[in-house]
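For reference, the structure discussed in these notes is given below.
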């Protein structure tokens with residue numbers, strides 16, 4: 001390796017160290033923050049980030065859906081509500097103008 005190649009290598013290394021991340025998370029959308037930190041690790045600026053509740057919300061939704069399926073399969077009522085009533089309420093058309101006026 002001659003002196004020119006050594007100089008190029010030194011310049012390349014100095015440029016890499018100059019432009020390397022300083023340990024802070026860049027501006028990342030909250031939706032992608034968890035995947036970003038799992039890929040690149042937690043840095044100094046990431047300690048104050050809020051925890052995600054997606055897993056808890058997914059579990060609650062799955063539990064409610066399972067309850068609906070069991071209610072439909074057995075034909076049972078919970079608090080005077082059966083699966084047919086739930087289906088009717090989901091399909092009920094709401095007039096947005098009336099709701100807006102009532103507010």
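The values are calculated or read from the model by the stated rules, or taken from the named source; none is laboratory data. Predicted model only: the values in this text are computed from it and were never measured. With ideal geometry, Cβ positions are generated from the backbone for all residues, glycine too; neighbour counts draw on all protein chains shown.
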Determine if the range 82-89 includes at least one residue that is under 30 Å from the mean Cα position of the chain (by Cα), at pLDDT 90 or above and outside the structural domain of residue 29 (by TED's automatic domain parsing).
no
For residue 73, the lone unmet condition from (1) surrounded by 10 or more Cβ atoms within 10 Å (Cβ to Cβ); (2) assigned to a helix (DSSP H, G or I); (3) modelled with pLDDT of 80 or more is (1)
Within the range 20-38, residues at pLDDT 70 or above and either over 15 Å from the mean Cα position of the chain (by Cα) or assigned to a loop (DSSP other than H, G, I, E, B) (or both) come out as 29
